[in-house]
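See structure below.
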Amino acid sequence: MTSLLLAGISSLVTNDPQRGGLIGEVPDAAVVIEGSTFAWVGSRAEAPAADDALDLGGRAVVPGFVDSHSHLVFAGDRAEEFAARMTGQPYSAGGIRTTVAATRKATDEQLAANIARLVAEMRRQGTTTVEIKSGYGLTTADEARSLALAREFTDETTYLGAHVVPPEYADDPAGYVDLVTGPMLDASAPHARWVDVFVERGAFDADQARAILLAGQAKGLGLRVHANQLGTGPGVQLACELGAAAADHCTHLTDADVDALASSGVVAGLLPAVEFSTRSPYPDARRLIDAGVTVALASDCNPGSCYSSSIPLCIALAVREMRMSPAEALWSATAGGAASLRRNDIGRITPGARADLAVLDAPSYLHLAYRPGVPLVAQSFVGGRPG
Ligand SMILES: [Zn+2]
């Protein structure tokens, strides 16, 4: 196994609590990668020899971003709907149903090409792990193929048959829940690690969601919930009751919701590019962090409410609009995302962790929020390989 020394790191963010502070920053640092993992991390002056060496010329290095929430399996786009929303024009086309219709019509090759394009776009912006949900097929065959295609790009695949009730079941939502917990789950579970439900007025209520999550759990899937996005509701409490890994959105929370998140250890996934793209109020990150809730930042990249794949944008929004510190925002986009996916091998630069990192064209991670909109990621490594 060959080893690679990365030196000339002006500032290294490790997320190693033993190094002090929230993000364990090391100045004038170096790392050694052996195979697919980090073998050594520390200050450059103490770096051991390695087979190869690369001098990064005074750039900052951060853990690769862990995007714990995305919807990349779809066809078509909804730019006209976005333009209408931004200009206050009525828009009569069917929102998510537009994407469902386009996705059902697309070939496997078209869907895979779109996923590949978006994953590459994410990689160029420093994302080294991405969770991908189904949810635009909404038939047994289309959900199963969505997940099988997503699996070619990530192990973190999520069955979201319960995204919305599709038009053909508009008069029979109970029948749709039977499908989601029955044949659709049977066909989808082999390609999924997680099951997720959109708990919202107009989507699924608490009883439907509980049935869907428990059915998924019985098939060995971990639990995630789209919770409290558009208003207060039962999503967060359900996630906490069932011990889900993540309750994502968390835009409208009661005090009881915050207490439940803090005491259950469910990770609150905040998706500020959605609020940016829909011109909506941001979630109250300070309230959550100050209560002791673990917060993840993720993109929610999807063709409707947020067609951005950029974690640097999320970090900038979290700092500027949600009063997270730059260190908190970076931690949430790396270690927080890893916690949301219940992974301890990613989201950190420590010996033994997978060698995922982003090299920034900047002297420190602060520039991610300080220079919004600027493409700062010079290079990323995934599993020790430049990518
Ligand atoms: Zn989502």
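Some observations on this one:
- Bridge type composition, the chain - antiparallel percent by DSSP, nearest 5: 45
- Dipole check for the stretch 119-163: with +1 at the C-beta of Lys and Arg, -1 at the C-beta of Asp and Glu, and the Cα centre as origin, the magnitude is about 100 Debye.
- For the chain, a crude dipole built from +1 on the beta carbon of Lys and Arg and -1 on the beta carbon of Asp and Glu, taken about the Cα centre, is about 520 debye to the nearest 20.
- Fraction of the pair-distance distribution of the stretch 98-239 above 27 Å, Cα-Cα pairs, percent: 19
- Principal axis extents of the Cα atoms in the stretch 192-325, from largest to smallest and rounded to whole angstrom, are 41, 33, 26.
- Listed residue (180, 222, 267) projecting farthest to the positive dipole end of the stretch 152-310, Cβ model: 267
- Computed over neighbours whose Cβ is under 9 Å from that of residue 3, the net charge equals -3, Lys and Arg +1, Asp and Glu -1.
- Sorted by Cβ neighbour density within 10 Å, fewest at the top, the residues 194, 331, 40: 40, 194, 331
- Positive dipole terminus of the stretch 80-216, leading residue within 154, 98, 139 (C-beta point charges): 154
- For the stretch 278-387, the equivalent ellipsoid derived from the alpha-carbon gyration tensor has semi-axes of 22, 18, 14 Å in decreasing order.
- Rel. contact order, % - alpha carbon contacts under 8 angstrom, at least six apart, the stretch 65-340: 18
- Residue among 11, 74, 1 farthest towards the positive dipole end of the stretch 1-112, charges placed on Cβ: 74
- By the equivalent-ellipsoid construction on the alpha carbon gyration tensor, the stretch 35-182 comes out with semi-axes of 40, 20, 13 Å, ordered largest to smallest.
- Close amide-amide hydrogen proximity is noted between residue 127 and 65, each under 5 Å apart and 5 or more residues distant or on a separate chain (H modeled in the peptide plane; Pro and chain starts excluded).
- Using the Cβ-Cβ distance between residue 43 and residue 374 with R0 = 30 Å, the FRET efficiency computed as 1/(1 + (r/R0)^6) comes to roughly 0.60.
- Going by neighbour counts of Cβ atoms within 10 Å, the residues 210, 201 line up, fewest first, as 201, 210.
- Chain lengthening between residue 342 and residue 113 when straightened (0.36 nm per residue, less Cα-Cα): 79.6 nm
- Residue order, fewest to most beta carbons within 10 Å, for 81, 152: 152, 81
- By the Kirkwood approach, averaging reciprocal distances over each pair of separate Cα atoms, the chain gets a hydrodynamic radius of 21.1 Å.
- Computed [θ] at 222 nm, helices only, for the chain once each DSSP H run of length n ≥ 4 contributes -39500 (n - 2.57): -10500 deg cm²/dmol
None of the figures in this text is laboratory data; all of them are computed from the coordinates on show. Keep in mind that this is a model prediction, so the values were computed, not measured. For neighbour counting, all protein chains shown are included, and Cβ atoms are generated from backbone atoms with ideal geometry for every residue, glycine included.
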